[in-house]
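Data block below; observations after.
The values are calculated or read from the model by the stated rules, or taken from the named source; none is laboratory data. Treat the numbers as computed from the prediction; the structure is a model and nothing was measured. We place every Cβ from the backbone using ideal geometry, glycine too, and count neighbours over all the protein chains shown.
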Amino acid sequence: MSESISQSEGLLGDFVDESLESLRELPAQLQAYRANPENAEAVHSVFRSVHSIKGSASFFGLSAIKQFAHSVENTLDDIRNGKSSLGEDLARSLIEAFDDLDVMLNEALNGVTDKTLKDDYVQLLARIEQQANDYSSDVLQEQRLLEEVSSLADEMAAAGLPQSLDWSDRLRALVANRSDDDAFEEQAKVGEPDIDTFYGARFRYANDDVSERVYRLLELFRVTACGEYEEEHGRSFLEAAREFANWAETSEADWLIQPLNSAASDFQTIFSSPLDIDSDLLGIIWSTLARQLDKLRVCEPLPEETPTDTPEREAKANVQPTQTQTGETAPPRNRFLRVNEERVDTFLNDVSKLFITCERLKDLQARMDREMQLSELVDELRQINATFSGQTMALQSSVVALRKVPARGLFSKFPRVARTLATDLGKQLDVHLVGEENEIDKSLIEDLDSPLMHMVRNVCDHGIDTPESRRSRGVCDTGNLWLKCELTQTHVIITVQDDGRGIDPQRLREKVIDKGIMTAAQANSLSDDEAVDLIFHPGFSTAEQVSDVSGRGVGLDVVRTTIRDHSGDIKVHSQVDVGTTFRIAIPLRAAVVVVDGLLLAQDGDTFIVPFGNVGEIFELKASEISTVQGSLVARIRGEPFAAIRLGQALATSSRTTQGDGPTNAVMLTHKGKSICLLVDNVIGQRKVVINGLQDLLPNTTAFTGVAQLGGGRMALVLNPQEFVS
């Protein structure tokens, strides 16, 4: 029993993770449908996601989630079938419902499983239903009008008015006919075939009649719906599904293999669990299997002896709810990484290649002991070493890929948090995610979670203004928040941008004077950018009063401190009545950074610059280097470039001149800017592993890390951004 409970808890975790991942996509899909109603697939996709959550919630006995999802599903069904249009208010309420589903799923994972809906959820569902009615199509309004008139006719007939009797009968017939038409249209639009339509049909693939195979699968769903299920039916289904999958493989029906194997695997999980098996529970498997089986159906009828019993589609669920102690603290979840199976295969392949290379080295060592033709052996050793180096790089890349997860894991909760907080503050907000498919190390997601939470709350409270304020500025009532993820060779760049009222530098100057942080002279001497940067000052806040969100002067200073603890930095740019942009740059996980580096020698020390930031390498004559207004200038092919001596920049040398001989120079580039770096010597290119310096030099910005060279030597890795500005 304990093994079954553990398995059930694992399945619940998988269900919640997959459901939360699908919910994150729904607001964008809903907005895509609003922008282009011709994009029917967008709303169909939203419907399918909610439908799947409802079915799985039934499987786990999560009755409140099932009830909530079912109500939302009904509204989405009306929208996709044209009975209701998706207005702005309805879209916002549905997005709020997705956020509430997110909350309920997380609570279920922590052991909180309500049997009934909370009042807030009931009120939201009532609002959605009312808004859906307000946006109902003309056809649906006509239908309701006919029903109301028909009801009136019945009342008149009951009152004894003879002239109404014929009118009442004709209206009832009209309503019945219209209802039948709607039912027909409803059936035509359903994407998932009803099992009833399968009985009496014949199924073929190429020249093979597979009707018997299909009917063996259908038997499970029929007997379960009729309440006649026994364990023998479950075993028969598993055997039939696996045999069918084997047949599909030998018959080259590749598109059938995965659905059949999935159906067998999913049912095996249900079959082995302590839960009772019913039609609602099997609906999850049917939704996967039905569309594929439908492709095999042909119009040719089966012989008369084929059973035509139809399952009862509305059989009640008999799922035992998950046993939980809602009053106790849920045990901590294990930390897992979801890894693409292809990446694991690549990793294993890379490891196997290393074994082959090791065997080649052993063989070479034995031959060197026996033979004296060292030149040939040295050449072979060089080739093996090159192969070994490439395989090591491939192995390192494979391991790094195993730890990488999409940035959506970092962004996922912020849309819901931002929308909820904005609503509480009387504001309207749309959240846009950009670059969420970019993959970053999982540890960075954990490092950036807290700073981003501060930033998002700050945008909702200070950045985005109320609908009234936005109207007075001549912009849309609804504000926008963009969360963007970019990757460079060594850094993750996170941008938090809004189109709110912006930051007024003059107001900040006045605030720091009022708080005694600066004198009037000091504050007024600040540039606008320096004044805006005051928002990171400890204890500083522009809020007029303390609230649950802000006003205590704790927030952005913590954000900057946290980011700098990880060797990152944050910068802000703002424009009044246009918006504010925060840009966070944080190094990639240092232990896994491997770069192509250019080795430089300066004053007896070795340094490395990432090869991607090297534009050109050359020698300069003494006449090509000059000083203009105290700054070095190098002339390259007649063009002037700003120059800097590496020794002076790092304070390792006091030399201001190079002598009469040629000077080695490297053109450093960063974001379209360049500078000529003068060094003693350019050693050459080499791949290096960069280790972090946070523990040794926590406040350094000139270096991004340190690399170990051959013979135990070390080399500091230069940060091009610090030199090119």
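If we only count strands (runs of 3 or more DSSP E) wholly inside region 569-640, which ones have 3 or more residues that are surrounded by fewer than 17 Cβ atoms within 10 Å (Cβ to Cβ)?
Per the criteria, 569-575, 593-602, 614-620, 625-628, 631-636.
Going by the structure shown, is Asp565 among the charged types (D, E, K, R), modelled with pLDDT of 80 or more and closer than 30 Å to Leu709 by Cβ?
Against the criterion (among the charged types (D, E, K, R), modelled with pLDDT of 80 or more and closer than 30 Å to Leu709 by Cβ), Asp565 does not qualify.
Could you list, in sequence order, all residues of region 607-640 that are of a type in the set (Gly, Ala, Ser) and under 14 Å from Ser674 (Cβ atoms)?
The answer is Gly612, Gly615, Ala634.
Could you please find all residues in region 393-414 being polar (S, T, N, Q) and more than 16 Å from the chain's Cα centre (by Cα)?
Gln396, Ser397, Ser398
Checking Gly55 against (1) in contact with a Gly (Cβ under 7 Å, 6 or more places away or on another chain); (2) not in a helix (DSSP H, G or I), which test does it fail?
(2)
Kindly establish whether Thr113 is at pLDDT below 80 and not hydrophobic (A, V, I, L, M, F, W, C). Spell out how you get there, then give the answer.
Working: at pLDDT below 80: yes; not hydrophobic (A, V, I, L, M, F, W, C): yes.
Spelling it out, Thr113 is indeed at pLDDT below 80 and not hydrophobic (A, V, I, L, M, F, W, C).
Could you please let me know if Thr488 is in contact with a Leu (Cβ under 9 Å, 6 or more places away or on another chain), farther than 22 Å from Arg24 by Cβ and of a type in the set (Ser, Thr, Tyr)?
In short, yes.
Within region 244-265, can one find any residue that is among the polar types (S, T, N, Q) and under 19 Å from Phe59 (Cα atoms)?
Yes, region 244-265 has at least one match.
Going through Ser469, Ser527 one at a time, which residue ends up being of a type in the set (S, T, N, Q), more than 18 Å from Thr423 (Cβ to Cβ) and surrounded by fewer than 17 Cβ atoms within 10 Å (Cβ to Cβ)?
Details: Ser469 fails: more than 18 Å from Thr423 (Cβ to Cβ).
Selected residue: Ser527, the only one of Ser469, Ser527 that is of a type in the set (S, T, N, Q), more than 18 Å from Thr423 (Cβ to Cβ) and surrounded by fewer than 17 Cβ atoms within 10 Å (Cβ to Cβ).
All but one of (1) more than 23 Å from the chain's Cα centre (by Cα); (2) over 30 Å from Val689 (Cα atoms) hold for Ser389; which doesn't?
Status for Ser389: all satisfied but (2).
Looking at region 455-464, is at least one residue surrounded by fewer than 21 Cβ atoms within 10 Å (Cβ to Cβ), among the basic types (Lys, Arg) and more than 16 Å from the chain's Cα centre (by Cα)?
yes
If Leu429 meets every condition in (1) among the hydrophobic types (A, V, I, L, M, F, W, C); (2) closer than 23 Å to Gly568 by Cβ; (3) modelled with pLDDT of 85 or more apart from one, which number is that one?
Failed condition: (2).
So Trp482 passes all but one of these: (1) crowded, with 20+ Cβ neighbours inside 10 Å; (2) at pLDDT 90 or above. Which condition number does it fail?
Against the list (1) crowded, with 20+ Cβ neighbours inside 10 Å; (2) at pLDDT 90 or above, Trp482 comes up short only on (1).
Hey, among the residues in region 666-682 that are more than 16 Å from Ala649 (Cβ to Cβ) and at pLDDT 90 or above, which one's nearest to the chain's Cα centre (by Cα)?
Of everything passing the filter in region 666-682, Val682 is nearest to the chain's Cα centre (by Cα).
Is it the case that some residue within region 376-383 is under 30 Å from Ile493 (Cβ atoms) and at pLDDT 70 or above?
No, region 376-383 contains no residue that is under 30 Å from Ile493 (Cβ atoms) and at pLDDT 70 or above.
Out of everything in region 179-217 that is more than 37 Å from the chain's Cα centre (by Cα), part of a helix (DSSP H, G or I) and at pLDDT 75 or above, what residue ends up being surrounded by the fewest Cβ atoms within 10 Å (Cβ to Cβ)?
Glu212
Name the residues in region 58-71 that are at pLDDT below 85 and either part of a helix (DSSP H, G or I) or farther than 27 Å from Ile277 by Cα (or both), would you?
Hits for region 58-71 are Ser58, Phe59.
Considering only residues that are surrounded by fewer than 20 Cβ atoms within 10 Å (Cβ to Cβ) and part of a loop (DSSP other than H, G, I, E, B), which ones fall in region 72-124?
Answer for region 72-124, where residues must be surrounded by fewer than 20 Cβ atoms within 10 Å (Cβ to Cβ) and part of a loop (DSSP other than H, G, I, E, B): Asn81, Gly82, Ser85, Gly87, Asn110, Gly111, Val112, Asp114, Lys115, Thr116, Leu117, Lys118.
Look through region 700-718, keep the residues that are closer than 17 Å to Leu588 by Cα and outside any strand (DSSP E or B), and return whichever of them is modelled with the lowest pLDDT.
Going through the qualifying residues, I end up with Thr700.
When the residues of region 235-259 are narrowed to those that are under 11 Å from Ile285 (Cβ atoms) and either under 36 Å from the mean Cα position of the chain (by Cα) or among the charged types (D, E, K, R) (or both), which ends up surrounded by the most Cβ atoms within 10 Å (Cβ to Cβ)?
Checked region 235-259; the qualifying residue surrounded by the most Cβ atoms within 10 Å (Cβ to Cβ) is Ala241.
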